[in-house]
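> Take this structure, written in structure tokens, and hold onto it; I'll ask about it next.
The values are calculated or read from the model by the stated rules, or taken from the named source; none is laboratory data. Just so we're clear, the structure is a prediction, and the values are computed from it rather than from any experiment. Don't worry about glycine lacking a Cβ; one is built from the backbone with ideal geometry, like all the others, and counts go over all protein chains shown.
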Amino acid sequence: MMETGAPWTSADPSTRGMQEPTVRAVLLLAVLSSVLFVIVIASLTSYSGLVDRFGDSFGYMTVASAIRRWNFQGLLVKQFWGLPYAMAAISLATRISDRSALLLMSFVPFLIAVTLAYRLWGGWIAALFAVINFDWTQRSCLGGSEPLFVALLFGSFLAVRRAHWWLAALLAAVATIVRPLGFFALLGIGLVLLLRRDYRRLIHAALVALLVGILYSLPLAIERGDPLATVHSYQSAGQTGPALFGIPFYAIIKGTLLYPAPWTNLLLTFGWILFVLAGTIAMASTRSFHAYARSHQVEIIFAALYLLSLFSYNSPYFARGNFSRFAIPIVPFILLALNRWVPKDRRLLWGLAIICPVLAAASAIGIRDLAAILHPIR
């Protein structure tokens, strides 16, 4: 799919702000937004210190260090190891620290994911996807598995569109060992090939996915005695029942009642819940999206299953509080479904590229910590 966007320039001043951004413009927007995020963080607190205590960063660095040394004694298994394997490989090849490897394997995939979003859905969606989600910015610049997962996932979608089914299966399988819900993309590939009765490609895709799964599970079986150790780590004691997924919205409501949160956090998370819900309704009711769904079946199977899991996640502690983070891979589909209502003006994009990273930086530091930094007790 060749670049079709036009530059952010126009001979007609009245339409200058309405031209679809090119891939270069989208990447410039993403980079400048990230730089602003880093500048705000670094001007207020220790950037490396925040990286170490942000999200799952310390856990990923611990696992990556264990993989480099191939010593898993006393290691607590919490996350999938796809990202730590990549971090360990980068660290061994370049001799950089685990922290630097984490940041590299977060920011570079972020740029790749934004580029792939452009190839898949065009400039407006890619540009908005790059900047509007605070968690996406935070995990791209402070470390997280989401950028690598999304880059692999979008790469799989693009491979499907180009009929490279074995490559699509490989990318989806590797995405699954980064974050487990990548399995929905694998399932979509398998179902579409099965419905088309393309058994040869189906077998090839299944063998590729099986090989990735075996290579990932074998070290866990040898060193931990459980080939599914990282899968079992997702069975949280905080769930409302034994199943990872339950009744839609139940855990979200229960978590809101059980775990008090600042009004700013509630406003942000429920804003995202309503945004994703509106997009879901638009997917079900908009003819243009129905046409898209018929042409891109693998993507829609993934999107439908992912949305169901997003609203049904059975952990009250995380279901609401981490909703915007969990929603990251589905944001382009929501924007696509709501396309007719999304303003298309580059001035709005640049405004969001300034405001969103500043707010994301404040959120990453924490409102109370930020207040203490700005108004220290004398």
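> Out of everything in the stretch 199-210 that is in contact (Cβ under 8 Å) with a residue 12 or more places away in the chain and either under 24 Å from residue 143 (Cβ atoms) or not β-branched (Val, Ile, Thr) (or both), what residue ends up being surrounded by the most Cβ atoms within 10 Å (Cβ to Cβ)?
205
> Can you go through 368, 346 and tell me which one is surrounded by fewer than 17 Cβ atoms within 10 Å (Cβ to Cβ) and either more than 28 Å from residue 284 (Cα to Cα) or over 18 Å from the mean Cα position of the chain (by Cα) (or both)?
368
> On the given criteria, is residue 193 assigned by TED's automatic domain parsing to the domain that holds residue 321 and under 23 Å from residue 308 (Cα atoms)?
For residue 193, the condition - assigned by TED's automatic domain parsing to the domain that holds residue 321 and under 23 Å from residue 308 (Cα atoms) - is not met.
> Hey, among 185, 163, which residue is out of contact with any strand residue (DSSP E or B) (no Cβ under 6 Å at 6 or more places or on another chain), aliphatic (A, V, I, L, M) and in contact (Cβ under 8 Å) with a residue 40 or more places away in the chain?
Among 185, 163, only 185 is out of contact with any strand residue (DSSP E or B) (no Cβ under 6 Å at 6 or more places or on another chain), aliphatic (A, V, I, L, M) and in contact (Cβ under 8 Å) with a residue 40 or more places away in the chain.
> I would also like to ask the following. So in the stretch 260-312, with the set limited to residues that are hydroxyl-bearing (Ser, Thr, Tyr) and over 17 Å from residue 188 (Cα atoms), which one is nearest to the chain's Cα centre (by Cα)?
269
> Which one of the conditions (1) buried (at least 18 other Cβ atoms within 10 Å of the Cβ); (2) of a type in the set (A, V, I, L, M, F, W, C); (3) over 19 Å from the mean Cα position of the chain (by Cα) does residue 195 fail to meet, given that it meets all the rest?
Result: residue 195 fails condition (1) only.
> Restricting to the stretch 42-69, count the residues that are among the aromatic types (Phe, Trp, Tyr) and in contact (Cβ under 8 Å) with a residue 60 or more places away in the chain.
Qualifying residue count, the stretch 42-69: 2.
> Filter the stretch 317-342 down to residues that are over 15 Å from the mean Cα position of the chain (by Cα), under 23 Å from residue 55 (Cα atoms) and surrounded by fewer than 23 Cβ atoms within 10 Å (Cβ to Cβ), then give me how many there are.
3
> Here's another thing I want to ask about it. How do the pairs read when you match residues in the stretch 328-342 that are touching a residue at least 60 places away in the same chain (Cβ under 8 Å) with residues anywhere that are outside any helix (DSSP H, G or I) and of a type in the set (Lys, Arg), using Cβ under 9 Å and keeping only pairs 6 or more apart or on different chains?
329/179
> Shifting gears a bit: Among the residues in the stretch 51-73, are any more than 30 Å from residue 118 (Cα to Cα), in contact with a helix residue (DSSP H, G or I) (Cβ under 7 Å, 6 or more places away or on another chain), at pLDDT below 90 and not in a helix (DSSP H, G or I)?
Yes, some residue in the stretch 51-73 is more than 30 Å from residue 118 (Cα to Cα), in contact with a helix residue (DSSP H, G or I) (Cβ under 7 Å, 6 or more places away or on another chain), at pLDDT below 90 and not in a helix (DSSP H, G or I).
> Which condition number in (1) modelled with pLDDT under 90; (2) under 22 Å from residue 176 (Cβ atoms); (3) β-branched (Val, Ile, Thr) is the one that residue 112 fails?
Only one criterion is unmet by residue 112, namely (1).
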